[in-house]
Amino acid sequence: MPPVDDPNLLVGTGTSDDAAVYRLTPDTALVQTVDYITPLVDDPFQFGQIAAANALSDVYAMGGTPLLALNIVGFPAATLPLSVLQEILRGGREKAEEAGVRVIGGHSIDDPEPKYGLAVTGFVHPERVLRNCTARPGDHLVLTKPLGMGVVATAIKRDCAARELIDRAVGVMCTLNRAAASAALEVGVDACTDVTGFGLLGHLHELAAGSGLGAEIAFHRVPVLAEVPALVAQDVVPGGSRRNLQFAEEFTQFDAAVDAAQRLILADAQTSGGLLIAVAPERHAALLDALHARRVPVFADIGTVAAADPGRITVHA
């Protein structure tokens, strides 16, 4: 898309950031995003919750507070009962209400495959916007949710996911990034993005490249759902994750000890993933304390931002 020339557009398309930010007044800026997905789970209510949490995440990743949302729906009305759609919308509404967001309408089309998501409007102070392109050399990288959601979704489709694993994955995807974003804002971090369809490596690449820096991470520090490595070893891997890895190999140097399964996990396409936060060394401990105080279930220091070729990632075992 061509760039938009408007001094009040604080965040546009230039750095592949998570949402647009437009300044309305010296103290208020509008945050705008849209996201919708196809079903990852069989339960329509859970699908609605996951899709809503996924869409709201983009506003949290910008440091914003979501306020209003519109439903976006594709639904095969001729082949599925409308009670299924009712449950999808109920799940989305309840997750939005948990976030303090009012769903005030939307739009639907007849579609052979169900799709659901939200267009979300939020607000942020123009001087407190979190960006994905403002990391600094030496920053610690903190991830606030485990990886593996793409693998679990594929396991569900192939009917080889244990009930306990499905429940834990749904719990991760339904968890709002509100608490993690609040901790980041309180501490004052340098950069932030959320980890979704491009996988950890893809979103870290955007953060590093936009900041004119590289990054180093260690696989053993990265949180991963426990059963995911075994599923990957059984070739339960979504096509999107394989494409992500193929792309990531262009800018990632893997230690020889990082095996093929681990590389796929780092590239696994996530839905409603965690925040990837770059924080200065002197604020690193305060961020971990703030995440703990807000009861963020999973968070980990996975590496650092380094002076290197922009976007270049090194992965250690």
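Working carefully through the options Ala209, Ala233, find the one that is more than 22 Å from Leu287 (Cα to Cα) and touching a residue at least 40 places away in the same chain (Cβ under 8 Å).
Every option except Ala209 fails the conditions.
Check Ala269, Ala260 and return the single one that is at pLDDT 95 or above, among the aliphatic types (A, V, I, L, M) and more than 15 Å from Gly202 (Cα to Cα).
On the way: Ala269 fails: more than 15 Å from Gly202 (Cα to Cα).
It is Ala260.
Residues are listed down the side, and each one gets a yes or a no for (1) closer than 29 Å to Ala183 by Cβ; (2) in contact with a Lys or Arg (Cβ under 8 Å, 6 or more places away or on another chain); (3) among the charged types (D, E, K, R):
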| site | (1), (2), (3) |
| --- | --- |
| Gly74 | no, yes, no |
| Leu85 | no, no, no |
| Ile109 | no, no, no |
| Pro114 | no, no, no |
| Thr121 | yes, no, no |
| Pro137 | yes, no, no |
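Is at least one residue of region 210-230 within 13 Å of Ala61 (Cβ to Cβ) and out of contact with any Cys (no Cβ under 8 Å at 6 or more places or on another chain)?
no
Kindly list, by first and then second residue, each pair from a residue in region 132-150 that is in the same structural domain as Gly239 (by TED's automatic domain parsing) and closer than 26 Å to Met173 by Cβ to a residue that is among the charged types (D, E, K, R) and crowded, with 24+ Cβ neighbours inside 10 Å, limited to pairs with Cβ atoms under 7 Å and residues at least 6 apart or on different chains.
Every condition considered, the pairs that remain are Leu147/Asp268; Gly148/Asp268; Gly150/Asp268.
The values are calculated or read from the model by the stated rules, or taken from the named source; none is laboratory data. Please read all numbers here as calculations on a predicted model, not as lab measurements. Don't worry about glycine lacking a Cβ; one is built from the backbone with ideal geometry, like all the others, and counts go over all protein chains shown.
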